[in-house]
Amino acid sequence: MCIYIYVYIYIYTYIYIYIYTYIYTHIYIYIHIYIHTCVYIYIYICVCIYMCIYIYVYVYIYVYICIYVCVYVDGCVYRYIFISVFSCNELTHVLYLLFPVGPYTITYFGVRGRCGAMRIMMADQGQEWKEILIDFADWTKGDLKASCVFGQLPKFEDGGLVLYQSNAILRHLGRNHDAYGKDGKEAALIDMMCDGVEDLRLKYVKMIYQEYDTGKDQYIKDLPNHLDKFEAVMAKNKTGFLVGNKPSFADYGLFEVLLNHLVLCSSCLDTSPSLKSFVEKMSARPKIKAFLSSDAYKKLPINGNGKQ
Ligand code: GTB
């Protein structure tokens, strides 16, 4: 009997322990796996979310920068197409708003000189620009001179575009700001007037820098002969501008050179009514008026040798 009870207890205990251990172990393993799986799934979800956010933000920023750059470049291209192919003034104004040009940078000596006209033009066109003023003593060291295409200033920067030669800069501004005529014929006439202004400017510069003391009086005497040509064109066009019905880059050039001549001889336009009225109207344009009365303009001498 005792043996019977003993065997029974033994078997019972064995079965009990076996079942208990089995169940317990399985439950334990199950919970363990469950927890680990949850942790792994959690980590996996976190990584996925992080990667998605990272990729999304990265791609979003990257794509938008690419799109903006492409659209901006395309905008510039479309702007030029509209100007050159369609000569469509109203649409180009909209494009200028969408894809603004500039800001520009001028590197030049602390004078009005070859930059007078472009500064007035940019002011009138509502542009802002940066000025880098070069001391003539620094210029003579030669490094900057060596870097300039023709060894001279002004240097003009429009983003990555670097230009020299003041009239090329005026033309560039004319293209950028719809001040180059409404079609090819007007553009050709504006080019012609710009070259005429350049001839007058060269005579003026020669007198100022080389013959001021000996040649000034004769220069003033001869002046009506030179101004007559501009007077005739201005009177014939009847719009108050050299070509077309709004200011072109040649008008800004003529306006500035006439301002300098009025300083040289205040009565020089008395026999040129159309030019006189042109100077008055240009001077009264609000943005030009503000610029001409600004310290930035007034503080600069007209020429590099102090003569005017
Ligand atoms: N064709 C060119 C243009 O239209 O831009 C002419 C440019 C030019 O004449 N630049 C002159 C220059 O760089 C400056 S305008 N000169 C220096 C050199 O050739 O080494 C004239 C001038 C002379 C001196 C001063 N100054 O003493 O401050 C300022 C401006």
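Measuring between their Cα centroids, region 117-134 and region 172-198 lie 18 Å from each other. Rounded, prolate or oblate: which one fits region 104-176, using the alpha carbon gyration tensor with axes a ≥ b ≥ c (rounded when a/c is under 1.5, else prolate when a/b beats b/c, else oblate)? Because a/c hits 1.5 or more and a/b exceeds b/c, region 104-176 counts as prolate. Electrostatic bookkeeping for D191 treats Lys and Arg as +1 and Asp and Glu as -1; over the other residues with beta carbon under 14 Å from its beta carbon, the sum is -3.
Pairs of Cα atoms nearer than 8 Å and 6+ residues apart set the relative contact order; for region 104-176 it is 39 percent. Checking the Cα-Cα distances for K206/K229; K155/K276; K216/K289 against a 26 Å cut-off, the pairs over it are K155/K276; K216/K289. Two numbers describe the Cα atoms of region 184-298: Rg and Dmax, which are 14.3, 43 Å. Distance between the 7 Å Cα→Cβ label points at K236 and Q152: 2.9 nm. Rounded to the nearest 20, the Cβ-based charge dipole of region 158-308 about its Cα centre (Lys and Arg +1, Asp and Glu -1) stands at 400 debye.
In straight-distance terms, cross-link reach from K298 covers every one of the aspartates and glutamates whose alpha-carbon lies under 14 Å from its own, apart from those fewer than eight places away in the same chain; here that gives E256.
FRET efficiency for the pair E131 and Y40, taken as 1/(1 + (r/R0)^6) with r the Cβ-Cβ distance and R0 = 51 Å, rounds to 0.20. The chymotrypsin sites (Phe, Trp or Tyr not before Pro) of region 113-172 that DSSP puts in a loop, and whose beta carbon has at most 12 other beta carbons within 10 Å, are F150. Computed from the Cβ-Cβ distance with R0 of 41 Å, the FRET efficiency linking S267 to K145 stands at 0.55. If R0 is 45 Å, the Cβ-Cβ spacing of K246 and Y209 corresponds to a FRET efficiency of close to 0.85.
With an 8 Å cut-off on Cα pairs and a minimum separation of 6 or more residues, tell me the relative contact order of region 184-298 in percent.
27
Across region 154-168, rounded Karplus estimates of 3J(HN,Hα) from the backbone phi angles (6.51 cos²θ - 1.76 cosθ + 1.60, θ = phi - 60°) give x, 10, 10, 10, 10, x, x, 7, 10, 10, 10, 6, 4, 6, 5 Hz, Gly and Pro being marked x.
A short reminder: the numbers here are calculations on the coordinates, not readings from a lab. Treat the numbers as computed from the prediction; the structure is a model and nothing was measured. For neighbour counting, all protein chains shown are included, and Cβ atoms are generated from backbone atoms with ideal geometry for every residue, glycine included.
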